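Okay, so here's the structure we're looking at.
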Amino acid sequence: MDELFPQLPVIIGHRGACGYAPENTLASLRKAKELGIEWVEFDVKLTADDALILFHDEKLSRTSTGRGKVAHMSYADIIGLDVGSHFSSDYIGETAPTLVHALDFIVQANMRANIEIKPCPGRVLPTVMCTLDLIKTHWPSNKPLPLLSSFSAVVTDYLSEQAREYPRGFLLKRWQRGWQRRYEGSRSSALHIHHRALNSKRVATAKQTAQYVLAFTVNDPERAKELFDWGVDGVFSDYPDRIIAAS
Ligand code: G3P
Ligand code: MG
């Protein structure tokens, strides 16, 4: 595998560039492109009828005009919802993109993608299997593969068996005892960890296990600088341009 991040530190737009546009929408991916950001992260879930869509929460209510759970909705239900107006009236009418829409945009914009596989409960294996199938049919063979990541050990274990050719991120919210053993078992390429779980000693420890250590979600440029000084290789940010300007 080619080096994943030839230039460090890497600044990854979080859920697109969700400080500026509604998270996990094409508008948010477009905003990241406008800001000159190469890498974007977004979250992927499966609808009841097996469509892959960009969506963060299990429930619809925080970021859409819908109620109930993503896992209980068909794609036709979801596409009828507004996922922009919760952010601002400028985005009324924005709809949840499918993973196909997002990948098409990423390819056409010549960007790099971190697909965070965030399955709804009870939908773990179908979500990861559908994601891999879809990338196989939609991703150009001459482009570096997307970085796949997940908090779900079932997903990262599955990927370690079935998707070894992909760069893979191992997500942690907290500094859990013994994470290194699980990380090594998953044969991941990068540790993606909440920035509040880190201090200088832990970054040094993490770098003994993980080739790359990336921290989420960092919106304060001073905090980003501190993390980079400790050896963190990159950050996810809702305002990626602010981090770039200060780094
Ligand atoms: O993938 C990094 C980050 O997105 C993980 O947390 O909750 O924002 O998906 P979350
Ligand atoms: Mg995410």
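The values are calculated or read from the model by the stated rules, or taken from the named source; none is laboratory data. Values in this document were obtained by computation on a predicted structure and should not be read as measured data. Neighbour counts are summed over all protein chains in view; Cβ atoms, including those assigned to glycine, are modelled from backbone coordinates with ideal geometry. Note: accessible area is taken over every heavy atom of the protein model, side chains too, but ligands, DNA and RNA are not part of it. Shrake-Rupley method; radii C 1.70, N 1.55, O 1.52, S 1.80 Å.
Among the residues of the stretch 57-73, the ones that are in a loop (DSSP other than H, G, I, E, B), surrounded by fewer than 21 Cβ atoms within 10 Å (Cβ to Cβ) and touching a Leu at 6+ places or on another chain (Cβ under 9 Å) come to 4 in all.
Before we move on, is I12 within 13 Å of ligand 1 (Cβ to nearest atom) and either under 30 Å from K225 (Cα atoms) or surrounded by fewer than 22 Cβ atoms within 10 Å (Cβ to Cβ) (or both)? Against the criterion (within 13 Å of ligand 1 (Cβ to nearest atom) and either under 30 Å from K225 (Cα atoms) or surrounded by fewer than 22 Cβ atoms within 10 Å (Cβ to Cβ) (or both)), I12 qualifies.
Here L148 meets the list (1) open to solvent by 10 Å² or more (accessible area, probe 1.4 Å); (2) touching a Leu at 6+ places or on another chain (Cβ under 7 Å); (3) of a type outside the set (S, T, N, Q) almost entirely, failing just condition (1). Only a single criterion out of (1) exposed (fewer than 15 other Cβ atoms within 10 Å of the Cβ); (2) assigned to a loop (DSSP other than H, G, I, E, B) is not satisfied by H86, namely (1). The set of residues in the stretch 28-52 that are among the aliphatic types (A, V, I, L, M) and surrounded by 22 or more Cβ atoms within 10 Å (Cβ to Cβ) comprises L29, A32, I37, V40, V44, L46, L52.
Residues in the stretch 23-56 that are hydrophobic (A, V, I, L, M, F, W, C) and in a strand (DSSP E or B): W39, V40, F42, V44, L46, L52, I53, L54. The residue list A21, A48, A76 contains one member that is more than 30 Å from E3 (Cα to Cα), away from ligand 1 (no atom under 16 Å from the Cβ), touching a helix residue (DSSP H, G or I) at 6+ places or on another chain (Cβ under 7 Å) and not polar (S, T, N, Q), which is A48.
Out of the residues in the stretch 208-247 that are within 16 Å of ligand 2 (Cβ to nearest atom) and of a type in the set (S, T, Y), which is surrounded by the fewest Cβ atoms within 10 Å (Cβ to Cβ)?
Just the residues of the stretch 208-247 that are within 16 Å of ligand 2 (Cβ to nearest atom), to begin with: 214-219, 234-240.
Checking which are of a type in the set (S, T, Y) leaves us with 217, 237, 239.
Numbers: T217: 17, S237: 27, Y239: 21.
Going through the qualifying residues, I end up with T217.
Here's the yes/no breakdown for (1) under 26 Å from L145 (Cβ atoms); (2) more than 15 Å from ligand 2 (Cβ to nearest atom); (3) open to solvent by 40 Å² or more (accessible area, probe 1.4 Å); (4) touching a residue at least 12 places away in the same chain (Cβ under 8 Å):
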{"site": "F55", "(1), (2), (3), (4)": "yes, no, no, yes"}
{"site": "Y75", "(1), (2), (3), (4)": "yes, yes, yes, yes"}
{"site": "E94", "(1), (2), (3), (4)": "no, yes, no, yes"}
{"site": "N114", "(1), (2), (3), (4)": "yes, no, no, yes"}
{"site": "P119", "(1), (2), (3), (4)": "yes, no, no, yes"}
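Tell me, yes or no, whether the stretch 14-23 has at least one residue that is within 14 Å of the chain's Cα centre (by Cα) and away from ligand 2 (no atom under 16 Å from the Cβ). The answer is no, given that none of the residues of the stretch 14-23 is within 14 Å of the chain's Cα centre (by Cα) and away from ligand 2 (no atom under 16 Å from the Cβ). Between T131, T205, the distinction of being out of contact with any helix residue (DSSP H, G or I) (no Cβ under 6 Å at 6 or more places or on another chain) and crowded, with 20+ Cβ neighbours inside 10 Å belongs to T131 only.
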